[in-house]
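Notes to accompany the following structure.
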Amino acid sequence: MIEGAAYLLKMERDPALGTQIDEIAAIIASAQEEDGYLYPAHTAGSYIHAPLWGGAGMGDKPYSWVVHSHELYNVGHLYEAAVAYYQATGKNNLLSIAEKSAQHVNKVFFEGDSKYNDGNPVNQAPGHQEIELALVKLYRVTANPLYPGYG
């Protein structure tokens, strides 16, 4: 929804729509963990109430069911929305959330983090090919070589 709204803003300025997106960005920022992790269902412990399919299709812990989970799929869509919003408005509120998340994902998957996967790098490809496309777009806007797929 945010990505589509950003494309509308690129075609025609609408301050009210921009304000709504900024308000949503503030909510997303408040849901993002300090280390950059962003998947509210895990943060809120929702998997406890839906134990089928690895915790409602997301695994019992962050990054524990990457091949089937939507963790990376969802943040990938956030990255694309952040890029579109930045390109439409020049605002980096969503972009900074996306970058913090992407840096977190990179660390957890390739270096390891004691909070995730017993400190071992996850080093597994996701089952939903979205984050890869989004990282390319994120790279094209930020030129940060940390993001795979360097343009």
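The values are calculated or read from the model by the stated rules, or taken from the named source; none is laboratory data. All values reported here derive from a predicted model rather than from experimental measurement. Don't worry about glycine lacking a Cβ; one is built from the backbone with ideal geometry, like all the others, and counts go over all protein chains shown. Only protein heavy atoms, including side chains, enter the accessible area calculation; ligands, DNA and RNA are left aside. Shrake-Rupley method; radii C 1.70, N 1.55, O 1.52, S 1.80 Å.
Overview of results
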| read-out | value |
| --- | --- |
| Cβ pairs under 7 Å, 6+ apart, first in segment 103-119 and closer than 18 Å to Glu34 by Cβ and assigned to a loop (DSSP other than H, G, I, E, B), second open to solvent by 10 Å² or more (accessible area, probe 1.4 Å) and charged (D, E, K, R) | Lys115/Asp35 |
| Residues of segment 89-121 classified as closer than 25 Å to Ala26 by Cα and buried (at least 20 other Cβ atoms within 10 Å of the Cβ), total | 10 |
| Index of the failed condition, Trp53 passing every other in (1) over 19 Å from Ser101 (Cα atoms); (2) modelled with pLDDT under 90; (3) surrounded by 19 or more Cβ atoms within 10 Å (Cβ to Cβ) | (3) |
| Matching residues in segment 20-39 - criterion: being of a type outside the set (A, V, I, L, M, F, W, C), open to solvent by 70 Å² or more (accessible area, probe 1.4 Å) and assigned to a helix (DSSP H, G or I) | Gln20, Glu23, Ser30 |
| Among (1) at pLDDT 95 or above; (2) crowded, with 16+ Cβ neighbours inside 10 Å, the one test that Glu130 misses | (1) |
